[in-house]
Amino acid sequence: MKTGLVLEGGALRGLFTAGVLDVLMESGVTFDGMIGVSAGAAFGCNLKSYQTRRVIRYNETYAKDWRYCSLKSLIRTGNLFGAEFAYHTIADELDPFDNVAFERNPMEFHLVATEVHTGRAVYRKISQGGTNLYEWLRASSAMPVLSKIVDVDGYQLLDGGIADSIPLRYFQGLGYERNLVVLTQPSLYRKTPLKMQWLIEKRLSKYPALCKALAHRHEMYNRQLLYVAEQESKGNVIVIQPESTLPISHITHDRAKMRETYNLGRKAAEKKLPEIMSMVF
């Protein structure tokens with residue numbers, strides 16, 4: 001029976017997930033495969049490269065560097081999170097990503113992005129590190145309006161959460177029968193319709209299928225939450241999520257809030273660790 005790890009996104013709410021992953025690595029927990037969406041992919045890849053505390057380290061270090069994430073970056077480059085600095089310069093030079101370890105680790109790594117012409121999910125299994133991996137991570141994390149469309153391997157892509165925010169059902173379809181699902185919202189959370197749908201439709205008018213997916217994203221997401229809860233009740237899934245709304249928004253430059261969110265993830269993982277151990281060993 002294959003064990004899997006499913007990580008939703010949430011931009012910097014993903015630091016909660018980073019805390020969870022560091023506890024798993026420190027405890028020697030392994031999975032047969034993982035799938036991440038947006039920040040779940042961008043931060044989750046460090047599990048395959050086995051780099052504990054790297055995510056919280058580089059986020060705190062570059063929290064106030066305009067090249068990493070800022071309005072200045074959005075105005076200058078068209079990307080809130082700097083396409084070159086956040087996804088390449090850090091990984092290649094400043095806090096190197098261990099591509100060799102990533103490739104040697106037999107755990108499968110999958111991610112989700114959204115094709116802008118169809119509004120449908122694109123699922124990608126990635127075995128090799130380096131530039132192509134970084135571009136797929138950027139595509140999976142590219143927030144509409146706040147990011148340029150990412151061209152990679154013949155696709156034009158944006159944030160995977162638009163089409164498949166919690167890809168548990170997809171991963172089960174690949175044979176991952178027992179899964180740990182990490183969410184970045186508390187159990188009572190339900191997504192509501194976008195308040196700025198008109199602006200998104202104006203900015204992305206060339207992509208009607210994408211606009212339609214965005215308009216119905218809250219419905220898709222809430223159905224997925226119900227499915228996760230159903231699978232948890234059947235014993236197929238262990239869920240780790242915050243007990244209450246996290247003290248961090250999608251974007252922040254506050255290092256204290258980053259650390260607090262990360263520590264909440266660690267505490268949540270430590271609480272569920274005996275249950276997780278029984279699932280994977």
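Quick look at the values:
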read-out	value
Relative contact order, percent, the range 164-234 [alpha-carbon distance under 8 Å, six or more residues apart]	41
Point-charge dipole on Cβ atoms (K/R +1, D/E -1) for the range 140-281, about Cα centre, debye to 20	400
The range 183-221: trypsin sites (Lys or Arg not before Pro) in DSSP coil with no more than 15 other Cβ atoms inside 10 Å	R190, K191, K195, K206
Projected-area average for the range 1-147 over all orientations - Cα convex hull basis, square nanometres	8.8
Distance between the range 1-56 and the range 178-203 - C-alpha centres, whole angstrom	20
Share of carbon and sulfur in the accessible heavy-atom surface of the range 34-74 [1.4 Å probe, %]	54
The chain - Debye-derived log10 I(q)/I(0), Cα point model, q = 0.08 Å⁻¹	-0.29
Size of electric dipole in the chain: Cβ of Lys, Arg +1 and of Asp, Glu -1, about Cα centre, debye, nearest 20	760
Surface accessible to a 1.4 Å probe, per residue, for the residues of the chain, Å²	44
Which listed pairs, of K195/K257; K148/K267; K125/K206; K72/K195; K234/K267; K125/K267, have C-alpha distances above 27 Å, in listed order	K148/K267; K125/K206; K125/K267
Most to least packed among 118-128, 9-19, 28-38, 104-114 [average Cβ atoms within 10 Å]	9-19, 28-38, 104-114, 118-128
Charge dipole magnitude, Cβ of K and R +1, D and E -1 - the range 109-167, Cα centre, debye nearest 20	60
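The values are calculated or read from the model by the stated rules, or taken from the named source; none is laboratory data. The model shown is predicted, which means the values in this text are computed figures rather than measured ones. Note that each Cβ is placed from the backbone with ideal geometry, even for glycine, and that neighbours are counted across all protein chains shown. To get the accessible areas, we keep the full protein, side chains included, count just its heavy atoms, and leave off ligands, DNA and RNA. Shrake-Rupley method; radii C 1.70, N 1.55, O 1.52, S 1.80 Å.
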